[in-house]
Amino acid sequence: MGSKSEHFLDNNRALSTDTYFYRIKRILLISDTHSYFGEEIEKHLKDVDEVWHAGDWGGGSVSTELEENVVVRGVYGNIDTLEIRKKYPKELIYTVEGLTVYMIHIGGYPGRYEAGVRDALVMHKPDLFICGHSHICKVMKDKKLDLVHFNPGAIGKHGFHTKRTMIKFNIENGKLFDINIIEYERN
């Protein structure tokens, strides 16, 4: 006789406990807030499961505001205070819904990685490499290392950037989809 499997409903879909199903995870990726937390960020919090911050928080208030609303993952950046450096690491490696992520604030991009970053990418073999620092939004594929690179640019108001940007995307079963760059005037 075969084993009996259990079934349960999740959003009106019958799921079997025989198979592991990934859930869609909705992410807001930001960087270089430089102590800025405005309605541009806040209005997206209700639509996401997690916020990922690629460094240069600027101060603890941004972290506090985010943590009151959603799960937060992040790294510290070169301008961050001791408070942020105690709370967040320099680099972060994690897996969400089957997608492995490597995050560091200063990292470069495919073909122009910072010293040591390419070695870390080869060693950890992430599906997604995230960094900030440049204030330039990028979404790129690295065919040699078989990964996707995101830099959300800067959503804060300090710096040389002319547009403020962040990236919103979804993850399911190890795949990225619905990748959207959200852009605001610098003001």
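Of the numbered conditions (1) free of Cβ contacts under 8 Å to residues at least 40 places away in the same chain; (2) part of a strand (DSSP E or B); (3) under 15 Å from Tyr36 (Cα atoms), Asn187 satisfies every one except a single condition; which is it?
(2)
Out of Gly108, Gly74, I need the residue that is out of contact with any strand residue (DSSP E or B) (no Cβ under 7 Å at 6 or more places or on another chain), at pLDDT 95 or above and small (Gly, Ala, Ser). Which one? Walk me through how you get there before you give the answer.
On the way: Gly74 fails: out of contact with any strand residue (DSSP E or B) (no Cβ under 7 Å at 6 or more places or on another chain).
Of the residues listed, the single one that is out of contact with any strand residue (DSSP E or B) (no Cβ under 7 Å at 6 or more places or on another chain), at pLDDT 95 or above and small (Gly, Ala, Ser) is Gly108.
Taking Ser61 as meeting all but one of (1) touching a helix residue (DSSP H, G or I) at 6+ places or on another chain (Cβ under 7 Å); (2) surrounded by fewer than 17 Cβ atoms within 10 Å (Cβ to Cβ); (3) part of a helix (DSSP H, G or I), write down the number of the exception.
Here Ser61 clears every test but (1).
So, in region 115-147, exactly how many residues are outside any strand (DSSP E or B), among the aliphatic types (A, V, I, L, M) and either surrounded by fewer than 19 Cβ atoms within 10 Å (Cβ to Cβ) or at positive phi (or both)? Write out each step before concluding.
Quick first cut of region 115-147, residues outside any strand (DSSP E or B) only: 115-127, 131-136, 143-146.
Then drop every residue that is not among the aliphatic types (A, V, I, L, M), which leaves 115, 117, 120-123, 136, 145.
Filter once more, keeping what is either surrounded by fewer than 19 Cβ atoms within 10 Å (Cβ to Cβ) or at positive phi (or both): 115, 120, 122-123, 136, 145.
Of the residues in that region, 6 qualify.
Quick check, is Phe8 part of a strand (DSSP E or B), at pLDDT below 95 and in contact with a strand residue (DSSP E or B) (Cβ under 7 Å, 6 or more places away or on another chain)?
In short, yes.
Go through region 148-182 and give me each residue that's without any contact (Cβ under 8 Å) to a residue 40 or more places away in the chain and in a strand (DSSP E or B).
Val148, Lys163, Thr165, Phe177, Asp178, Asn180 - these are the residues of region 148-182 that are without any contact (Cβ under 8 Å) to a residue 40 or more places away in the chain and in a strand (DSSP E or B).
Quick one: Phe37 ticks every box in (1) within 15 Å of the chain's Cα centre (by Cα); (2) part of a loop (DSSP other than H, G, I, E, B) bar one, so which box is it?
Only one criterion in (1) within 15 Å of the chain's Cα centre (by Cα); (2) part of a loop (DSSP other than H, G, I, E, B) is unmet by Phe37, namely (1).
The values are calculated or read from the model by the stated rules, or taken from the named source; none is laboratory data. Fair warning: this is a prediction, and the values are worked out from it, not measured in the lab. With ideal geometry, Cβ positions are generated from the backbone for all residues, glycine too; neighbour counts draw on all protein chains shown.
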